[in-house]
Structure formats: structure tokens, C-alpha cells
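> I have a structure I would like to understand better, so I am pasting it below and will then ask my questions one at a time.
The values are calculated or read from the model by the stated rules, or taken from the named source; none is laboratory data. These numbers come from a predicted model, not from an experiment. With ideal geometry, Cβ positions are generated from the backbone for all residues, glycine too; neighbour counts draw on all protein chains shown. In case anyone asks, the SASA skips ligands and DNA or RNA and just uses the protein heavy atoms, side chains included. Shrake-Rupley method; radii C 1.70, N 1.55, O 1.52, S 1.80 Å.
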Amino acid sequence: MEICFLGTGAPYPDPLRGSSAILVDIGSARILLDCGRACVQQMARLQIESSSITHCFLTHGHYDHVADYALLVLTSWRFGRRHTLQVYGPPGTRAMSDALFQEAYKIDIAARKNLKKSDAEADININVNEMRDGAIAEGEGWRVRAVEVVHWPIPLSLGFLIEGDGKQVFFTGDTAPCDAVRNGAAGVDVLIHEAMYFPQDSGHYRSHSHPVDVGEVARQAGADRLVLTHLQPDTEKERLLNDASGQFTRRIVMATDQMRLVL
């Protein structure tokens with residue numbers, strides 16, 4: 001299993017970090033977890049063809065997690081994709097897709113269909129699947145299980161457990177500390193968890209996780225390695241790692257764009 005962090009930032013404009021997007025090469029699949037701002041551009045920098053993405057799993061509908069979704073679909077369609085792109089996400093993903101490709105981009109799509117390029121599919125060719133807690137998608141050498149996490153006031157936000165090659169990785173998406181992550185990430189090789197700073201009394205902690213709490217969740221889950229992502233601009237590495245390591249004494253990494261992990 002190979003993991004490439006395409007975007008490790010939050011909604012804030014950040015010249016050093018795109019928004020949430022993680023590429024996982026596993027078994028027969030090339031899986032994208034979230035499709036945030038600058039994701040497609042980052043793939044171009046790394047010479048990763050957008051047309052090579054086979055599956056896209058979206059955690060929830062906040063714009064920093066889906067901003068490049070339409071760009072991924074349309075770019076891969078026009079530049080070489082020969083397969084149906086399998087898209088997964090919580091309820092609402094189909095409505096968002098319909099709004100994008102049947103309304104917002106319908107003029108563009110119709111015009112490009114008239115070009116009748118021989119090196120691309122005749123249509124955008126996507127298959128949208130909505131998932132709830134416990135739903136499973138799988139293929140040759142891999143499996144992804146959806147876990148409902150706590151991201152108030154989003155009605156249903158997902159984390160994903162990715163399994164294959166004898167390894168397990170859990171990606172939380174956006175979440176407050178919760179049992180869903182503690183249980184879903186039990187014993188994983190890598191826990192990829194958001195970590196953010198807000199004032200102590202901030203209501204944001206109903207939706208997000210302070211690094212101290214992330215370390216505690218990782219310890220309780222028994223993860224082997226913790227990767228901290230969804231980071232605000234100017235997050236200080238030393239402070240971030242120190243806060244998380246107070247509870248979690250195994251390996252901790254501060255994610256950066258273009259970082260790769262091979263398991």
C-alpha cells in the first residue's frame with residue numbers, strides 16, 4: 001500500500017497546503033480520499049494522471065473536501081479515462097453530482113461531447129454510490145469500510161478504513177474525538193487524523209479535534225502510527241507533535257503536501 005498526501009490543509013487559503021486529498025494505491029485500485037482544493041493540480045505536479053484514478057471516496061460535503069471533485073471528473077474524462085469512475089460518499093453525494101454535471105457544467109459537457117475525441121469516453125461516465133455507517137466497497141486486493149464520525153452540524157460525515165496488502169489505514173475526515181474512530185481504527189497500522197487549534201471554549205471542538213485529544217484517541221485505538229493532517233496555516237510542527245505525543249508515544253508525523261508513505 002502506498003499513500004500520497006496531495007492536500008493536507010484546512011479551508012483557509014494556504015500557499016503551502018492544498019485542502020483535503022489523499023491518494024492510496026492498493027491492490028487493483030487507485031483510490032482518492034477526498035478531493036479538495038488544488039488536488040488535481042497537485043497530481044499534475046507529481047505526474048499522476050487524473051485518468052488513472054479508479055475510485056473517489058468523499059468524507060462529507062464541506063467545500064474544502066470536494067472543491068476539485070468536478071475538476072477531477074471532467075479532467076479525467078477529457079484526458080484519457082477509459083473506465084467508469086466509481087464515486088462514494090455520504091447521502092447527498094448523488095444530489096451534488098447531479099447539480100454539477102446535469103446543471104452547472106451541462107453546457108461545457110455538451111460542447112465537449114460534440115468534439116467526439118477518440119482518446120476519451122463518450123460521456124463523463126461516473127457511478128455514484130451513497131454510503132452509511134458500515135457500508136463496504138471492495139475490489140481485487142482491497143476493501144474500504146465507511147464509519148460515521150462526529151462532525152457537527154454535518155448530518156452524516158464519514159471516515160474510511162482502508163484494508164489491503166495485509167495493512168490497515170484509517171482516515172477520519174473531519175471529526176471531533178469519538179468512539180467511532182477509537183473503534184474503527186482499532187489496531188491500525190496508520191491513523192490519519194485531523195488536528196486543529198481553536199480557543200479552548202470554541203464551539204469548533206464539537207466538529208474538530210485538538211492535537212492533545214487526537215493523541216489520546218490514537219492511544220486508545222492502539223494505532224501503530226499517527227499522521228496529523230487538515231492543518232491550519234502556520235501550525236507549528238514542534239507544538240503540534242508535542243501536544244499529540246503527550247498521550248501517544250508511538251510514531252507521529254505532521255503531514256505535508258506531496259508526502260508519501262509506503263506500508
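> Mind listing whichever residues of segment 182-200 are closer than 20 Å to Thr256 by Cα and in contact with a helix residue (DSSP H, G or I) (Cβ under 8 Å, 6 or more places away or on another chain)?
The answer is Leu191, His193, Glu194, Ala195, Met196, Tyr197.
> Would you confirm whether or not segment 232-241 contains a residue that is open to solvent by less than 10 Å² (accessible area, probe 1.4 Å) and within 27 Å of Val66 (Cβ to Cβ)?
yes
> Another one. Using the structure shown, decide if Asp179 is free of Cβ contacts under 8 Å to residues at least 12 places away in the same chain and either under 24 Å from Ser52 (Cβ atoms) or out of contact with any helix residue (DSSP H, G or I) (no Cβ under 6 Å at 6 or more places or on another chain) (or both).
Yes; evaluated as a whole, the condition is true for this residue.
> Now a separate question. How many of the residues in segment 30-59 are closer than 19 Å to Gly89 by Cα and open to solvent by less than 10 Å² (accessible area, probe 1.4 Å)?
12
> Still on this structure: Please enumerate the residues belonging to segment 145-165 that are of a type in the set (A, V, I, L, M), buried (at least 20 other Cβ atoms within 10 Å of the Cβ) and either closer than 17 Å to Ile26 by Cβ or without any contact (Cβ under 8 Å) to a residue 24 or more places away in the chain (or both).
Hits for segment 145-165 are Ala146, Ile162.
> Moving to a separate point now. Counting just the residues of segment 98-115 that are closer than 16 Å to Ser76 by Cβ and in contact (Cβ under 8 Å) with a residue 24 or more places away in the chain, which one comes out surrounded by the most Cβ atoms within 10 Å (Cβ to Cβ)?
Among those residues, the one meeting the criterion is Phe101.
> Is it the case that some residue within segment 217-237 is at positive phi and of a type in the set (Asp, Glu)?
yes
> Looking at Asp224, is it over 23 Å from Ser19 (Cβ atoms) and among the acidic types (Asp, Glu)?
Spelling it out, Asp224 is indeed over 23 Å from Ser19 (Cβ atoms) and among the acidic types (Asp, Glu).
> With Ala95, Ala67 as the choices, which residue is modelled with pLDDT of 95 or more, open to solvent by 40 Å² or more (accessible area, probe 1.4 Å), touching a Cys at 6+ places or on another chain (Cβ under 8 Å) and not polar (S, T, N, Q)?
Sole residue among the options that is modelled with pLDDT of 95 or more, open to solvent by 40 Å² or more (accessible area, probe 1.4 Å), touching a Cys at 6+ places or on another chain (Cβ under 8 Å) and not polar (S, T, N, Q): Ala67.
> How many residues are in contact with a helix residue (DSSP H, G or I) (Cβ under 6 Å, 6 or more places away or on another chain) and open to solvent by less than 10 Å² (accessible area, probe 1.4 Å) if we restrict to segment 201-214?
Number satisfying all stated conditions: 2.
> Looking for whichever is under 15 Å from Leu32 (Cα atoms) and not basic (Lys, Arg) here; the options are Asn125, Asn114, Asn129. Which one fits?
Asn129
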